[in-house]
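Asker: There's a structure below that I have some questions on.
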Amino acid sequence: MLTLDFHPTGRHFLQIPGPSPVPDRILRAMSLPTIDHRGPEFAALGLKVLADIKKIFQTKQPVIIYPASGTGAWEAALANTLSPGDHVLMYETGHFAALWQKLAARLGLKTEVMSHPGADVWRHGVQASQIEERLKADTQHAIRAVCVVHNETSTGVTSNIAAVRRAIDAAKHPALLLVDTISGLASADYRHDEWGVDVTISGSQKA
Ligand SMILES: Cc1ncc(COP(=O)(O)O)c(C=O)c1O
């Protein structure tokens, strides 16, 4: 039977990307009384968090924080940059890349799925050369965005995001680059600005 208030003693130590182990000092801070969400302390804290979080993404751009699952962040990224009927190129590297594609299709986007040629599709990261070739063939620039998963949690395969940006640039294509780094950020190297990513999605529940 499912026990909802089950809290085992000691530290749960499982070396997978998530749920993230929360440091003790953070757990202790969460047991303090709630502060006034309209008070000056909360405003100052919020501004500090919004400024400091940029370092994690290696960006000078504003980062938006809001309550949702990673799936909610996928949806927000697509809904705020694209419109139903838009053509998006998605690269399947594993379970999460496949789920993102399903969500995009439900939003009414025209999804085109690419994957590593041959068998064992989920054993490989994104092949940037395939993306470059496909974008070069899209002379009318119908493809509005390229969506890739940085670290595919289901397989542990990490893709080279800088190479994907170089491929888009080499094809002289205006498509946006959308990256899910939900389990990559803060564990693998990630550089939003330097790699020329247009939208980076992450979550606090993973790495
Ligand atoms: C790479 C990746 N993308 C998306 C998600 C979906 O996040 P959530 O389960 O919070 O909706 C996960 C969750 O494991 C993930 O690892």
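The values are calculated or read from the model by the stated rules, or taken from the named source; none is laboratory data. Keep in mind the model is a prediction, meaning the values are calculated, not measured. We place every Cβ from the backbone using ideal geometry, glycine too, and count neighbours over all the protein chains shown.
Asker: So Arg28 passes all but one of these: (1) surrounded by 10 or more Cβ atoms within 10 Å (Cβ to Cβ); (2) not in a loop (DSSP other than H, G, I, E, B). Which condition number does it fail?
Answerer: That leaves (1) as the condition not met.
Asker: Out of His150, His192, report the one residue that is closer than 27 Å to Ile26 by Cβ and within 12 Å of the ligand (Cβ to nearest atom).
Answerer: Exactly one of His150, His192 is closer than 27 Å to Ile26 by Cβ and within 12 Å of the ligand (Cβ to nearest atom), namely His150.
Asker: Out of the residues in region 171-187 that are at pLDDT 95 or above and surrounded by fewer than 16 Cβ atoms within 10 Å (Cβ to Cβ), which is nearest to the ligand (Cβ to nearest atom)?
Answerer: Checked region 171-187; the qualifying residue nearest to the ligand (Cβ to nearest atom) is Pro174.
Asker: Another one. Given the condition within 13 Å of the ligand (Cβ to nearest atom) and out of contact with any Lys or Arg (no Cβ under 6 Å at 6 or more places or on another chain), answer yes or no: does some residue in region 132-142 qualify?
Answerer: No, every residue in region 132-142 fails to be within 13 Å of the ligand (Cβ to nearest atom) and out of contact with any Lys or Arg (no Cβ under 6 Å at 6 or more places or on another chain).
Asker: So which of Leu89, Leu78, Leu47 is in contact with a strand residue (DSSP E or B) (Cβ under 6 Å, 6 or more places away or on another chain) and modelled with pLDDT of 95 or more?
Answerer: Leu89
Asker: Now, a different point. Going through region 80-108 one residue at a time, which ones are assigned to a loop (DSSP other than H, G, I, E, B) and within 15 Å of the chain's Cα centre (by Cα)?
Answerer: Thr93, Gly94
Asker: Against the definition (of a type in the set (Ser, Thr, Tyr) and either surrounded by 13 or more Cβ atoms within 10 Å (Cβ to Cβ) or touching a residue at least 40 places away in the same chain (Cβ under 8 Å) (or both)), how does Thr34 come out, yes or no?
Answerer: no
Asker: How many residues are among the small types (Gly, Ala, Ser) and assigned to a strand (DSSP E or B) when one looks only at region 168-207?
Answerer: 1
Asker: Can I ask one more? Assess whether Met1 counts as being loosely packed, with under 10 Cβ neighbours inside 10 Å, of a type outside the set (Val, Ile, Thr) and either at pLDDT below 90 or not in a loop (DSSP other than H, G, I, E, B) (or both).
Answerer: The answer is yes for Met1.
Asker: Could I ask something else about it? Scan Val146, Val164 and give me the residue that is crowded, with 19+ Cβ neighbours inside 10 Å and assigned to a helix (DSSP H, G or I).
Answerer: Details: Val146 fails: assigned to a helix (DSSP H, G or I).
Exactly one residue qualifies, and that residue is Val164.
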